[in-house]
Structures are given as structure tokens and as C-alpha cells.
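These notes are about the structure you will find just below.
Please treat every number below as a calculation from the coordinates, not as lab data. Bear in mind that the values here come from a model prediction, so they are computed numbers and not experimental data. When we count neighbours, we look across all protein chains shown, and the Cβ atoms used for this are built from the backbone with ideal geometry, even at glycine.
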Amino acid sequence: MLRVHYSWYQQPAPTSPVTCDCGWAGTWEDLDQEPFEQLLQLSCPECDTHTNVLFPTTAEIRDAAAAGNPDALKQLQSVDQQRERRTKHPEASSPTQLPGLPADGPRILRVDHEYPERDPRDPDGPWLVVMAGSQILWRQPAYWEDVDGGERFLRIVWERYGDQIDEVDLSRAALCYICGDRWNQLGRIEAAALGPNAPRPEPTDTRSTSVEQGESALPPSDRDGPPADSTK
Ligand SMILES: [Zn+2]
């Protein structure tokens, strides 16, 4: 039974009994979990036989929410909040949007992650910021586990300032927020921070595909739910 694929809202309840061909028996929530870009992989703790549960698309979330599914209602709220935030604070889509550096500016730019907790008057964070010394050059929303967005942003920073700087110093906080639990993507983001001359990392997650910008991840508070709309 562990070889079947499930859609998000059709998966068994957490306490449903599960048996594996190897003899293991437990419940659905006892299975080992590993999240990927578009699905959650659930594995038998004994023999690693696995099944995949596809994260819901926005359309599936809306359908399930309309049918009164409480998880979907929560997820839909998060999807809508994220859409609002992206509309209110658009991300850089071109290097020309970023301001210039003074001619005698620093040769190292820092890309950091600003937590809203640092400033309770700022309800729109967290942010990714580009700092030249103590000056903030650019600020845009940071999205948890938005590896594609983080990589795109670092590429834009290099395109904009590459001929004026030697280094982008990506803070540990920014790296961790961009990658979230997707540790296999660390190399990709580190390489993007090193700039265009960095060696390309070996692909580590062949199942991952590019997610359309817009609704790729839920904030950390919703990590008990799936990333929204990850099937494009
Ligand atoms: Zn097994």
C-alpha cells in the first residue's frame, strides 16, 4: 500500500493504520517524511519503501476550502496573504531596479535577512536586504524556502553590481531562510552568492523543478501544511 501516490487531501488521516510488505506496521504519521519541491515523500521506517503525497495546487486548495476542509481554509488564507504581499512589495525582476553604488563604495556587499521581530512596527517582513556597509541599498520580501526566488535575487545582485564588487557576503540567516528545510539546495544558493564565476553545483534533487513565482511556499508558521501551488 506504500507504493501508491496520493493527492494532498486524499491521503489517509494521521492515525490511520499502515502496513508495509516488509512486515512493519504503524500509522500514517509514523512514516518518515521528506519534503521535496512538489511532494512529500513518506517512507517505511524499516525498509525505506515509500509513497508520495503531492502538495496541492492553488486550485485544489480553493476547492477543498470551498468544501470546508479546515487545513485548506488555513492554507488558502496563507496563499492569499502571500499574494497580497507580493503585490504590495514586488521583488526585483531586473538589475536596473536596484540603485547604483557610489564609485568609492565597498567591494563587498552583504545580503542579509531581516526578521520582523527586530522591528515590531514592520508587519511586512521578513526581508532580504542588500547592504553596502551600513547603508541598505535594496530590500524585498523574503520567502521561506523560496530557493528559486533566492537564486534569482542573488543573480540580479551580481548582474547589477558585479563590475564594482569582489564579493557578496550572504549571511547565514539569509541562507537558512532561503533554503529552509531543503538542505540539499544549500549548494545552489551558495553558488549563486559566489557569483557568475562560481563552479556550478551538482544537481542534488532531480525531482525538483522550477516553481512559478507567486505561491511557492508557505511561511514557517504554516509548515505543518504543504507549500501551496507547487505543481506547475
Ligand atoms: Zn517496509
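Tabulated data
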{"read-out": "Spacing of the two label points (7 Å from each Cα toward its C-beta) at Gln164 and Asn184, in nm", "value": "3.9"}
{"read-out": "Ascending count of other beta-carbon atoms within 10 Å, so fewest first, for Phe36, Phe55", "value": "Phe36, Phe55"}
{"read-out": "Residue exposure sequence - His50, His5 - by fewest surrounding Cβ within 10 Å", "value": "His5, His50"}
{"read-out": "Residues Leu109, Leu128 arranged by fewest to most Cβ contacts within 10 Å", "value": "Leu109, Leu128"}
